[in-house]
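Participant: For reference, the structure I am asking about is given below.
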Amino acid sequence: MLKLKKAVSRICADIKAYYWVGIIFLLYFWGANFLFGVFCPQLILTGIPCAGCGLTRAACCLMRGQVRQAAQINPSIFPVAFFLLYCGYFRYVKGKKINKSGRILALLVAVMLVIYGCRMYCYFPDREPYIYYENNVMAEKIPGYEKWIYYPDSGDGNSSGS
């Protein structure tokens, strides 16, 4: 019971110390969704999904026990969930500094980028969450950007073979 009380105390202390991060996050979330209809800054700027696109939906599926669907949406959810559980265990249960967190985070990012690269190669731009977002800043500002995204080999945006 004492461990639980200490864990709750640590969680409350972190919330109290970093509540402003949550407020900024919510303001960005509401503003981005209101202005652009999406949350991801990379998607807003380039129209290309990022390595984290679909993680929230995958996490929701994982929490509902829909493991296969979580893996289809974004398989990076598994190493991310493991990392968060690892960090939560050391920070809140053990009350200790997280061992080798920088190295583990670097490995996590590398794994996510490999998964992202493979899935972008296989699925972009036609399969959720790897869909091109047409209402992006680059497409508005750079003539021919959207054609280049769809036909990168042609150079001029034309897909004719002659």
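Participant: Residue pairs, Cβ under 6 Å, 6 or more apart or interchain, first in region 76-90 and without any contact (Cβ under 8 Å) to a residue 24 or more places away in the chain, second exposed (fewer than 14 other Cβ atoms within 10 Å of the Cβ). List them.
Facilitator: As it stands, the answer is 90/96, since those pairs meet every condition given.
Participant: OK, next. I'd like to check something: does region 132-145 contain any residue that is outside any helix (DSSP H, G or I), among the aromatic types (Phe, Trp, Tyr), at negative phi and modelled with pLDDT of 85 or more? Step through it out loud before you land on a result.
Facilitator: Filtering region 132-145 down to residues outside any helix (DSSP H, G or I) leaves 132-136, 142-144.
Imposing the further condition that a residue be among the aromatic types (Phe, Trp, Tyr) reduces the set to 132-133.
From what is left, the residues that are at negative phi are 132-133.
When the remaining residues are screened for being modelled with pLDDT of 85 or more, the result is 132-133.
Yes, region 132-145 contains a residue that is outside any helix (DSSP H, G or I), among the aromatic types (Phe, Trp, Tyr), at negative phi and modelled with pLDDT of 85 or more.
Participant: In addition: Taking only pairs six or more apart or across chains, which ones have beta-carbon atoms under 6 Å, a first residue in region 48-70 that is touching a residue at least 40 places away in the same chain (Cβ under 8 Å), and a second residue that is exposed (fewer than 14 other Cβ atoms within 10 Å of the Cβ) and not hydroxyl-bearing (Ser, Thr, Tyr)?
Facilitator: Once the first residue is touching a residue at least 40 places away in the same chain (Cβ under 8 Å) and sits in region 48-70, its partners that are exposed (fewer than 14 other Cβ atoms within 10 Å of the Cβ) and not hydroxyl-bearing (Ser, Thr, Tyr) give 51/113.
Participant: In region 63-90, how many are among the hydrophobic types (A, V, I, L, M, F, W, C) and surrounded by 14 or more Cβ atoms within 10 Å (Cβ to Cβ)?
Facilitator: To start, the set of residues in region 63-90 that are among the hydrophobic types (A, V, I, L, M, F, W, C) comprises 63, 67, 70-71, 73, 77-78, 80-85, 87, 90.
Restricting the remaining residues to those that are surrounded by 14 or more Cβ atoms within 10 Å (Cβ to Cβ) gives 70-71, 73, 77-78, 80-81, 83, 87, 90.
Within region 63-90, residues that are among the hydrophobic types (A, V, I, L, M, F, W, C) and surrounded by 14 or more Cβ atoms within 10 Å (Cβ to Cβ) number 10.
Participant: Right, next: Within region 27-43, is there a residue that is over 30 Å from residue 144 (Cα atoms) and touching a residue at least 24 places away in the same chain (Cβ under 8 Å)? Let's see the steps before the verdict.
Facilitator: Residues of region 27-43 that are over 30 Å from residue 144 (Cα atoms), as a first pass: 27, 30.
Narrowing further to those that are touching a residue at least 24 places away in the same chain (Cβ under 8 Å): none.
No, that holds for no residue.
Participant: Return the only residue of 133, 123 being under 18 Å from the mean Cα position of the chain (by Cα), surrounded by 14 or more Cβ atoms within 10 Å (Cβ to Cβ) and touching a residue at least 12 places away in the same chain (Cβ under 8 Å).
Facilitator: Being under 18 Å from the mean Cα position of the chain (by Cα), surrounded by 14 or more Cβ atoms within 10 Å (Cβ to Cβ) and touching a residue at least 12 places away in the same chain (Cβ under 8 Å) holds for just one of 133, 123, which is 133.
Participant: Using the structure shown, decide if residue 25 is loosely packed, with under 15 Cβ neighbours inside 10 Å and either aliphatic (A, V, I, L, M) or under 22 Å from residue 136 (Cα atoms) (or both).
Facilitator: Values: loosely packed, with under 15 Cβ neighbours inside 10 Å: yes; either aliphatic (A, V, I, L, M) or under 22 Å from residue 136 (Cα atoms) (or both): yes.
Taking the combined requirement at face value, the residue satisfies it.
Participant: Would you be able to say whether some residue in region 86-108 is hydroxyl-bearing (Ser, Thr, Tyr) and under 20 Å from the mean Cα position of the chain (by Cα)? Full working, then the answer.
Facilitator: Let us first name the residues in region 86-108 that are hydroxyl-bearing (Ser, Thr, Tyr), namely 86, 89, 92, 101.
Subsequent filtering for residues that are under 20 Å from the mean Cα position of the chain (by Cα) retains 86, 101.
Yes: region 86-108 contains one or more residues that are hydroxyl-bearing (Ser, Thr, Tyr) and under 20 Å from the mean Cα position of the chain (by Cα).
The values are calculated or read from the model by the stated rules, or taken from the named source; none is laboratory data. Everything numeric here is computed off the predicted structure, so don't read it as measured data. Cβ: placed from backbone, ideal geometry, glycine included. Neighbour counts: every protein chain shown.
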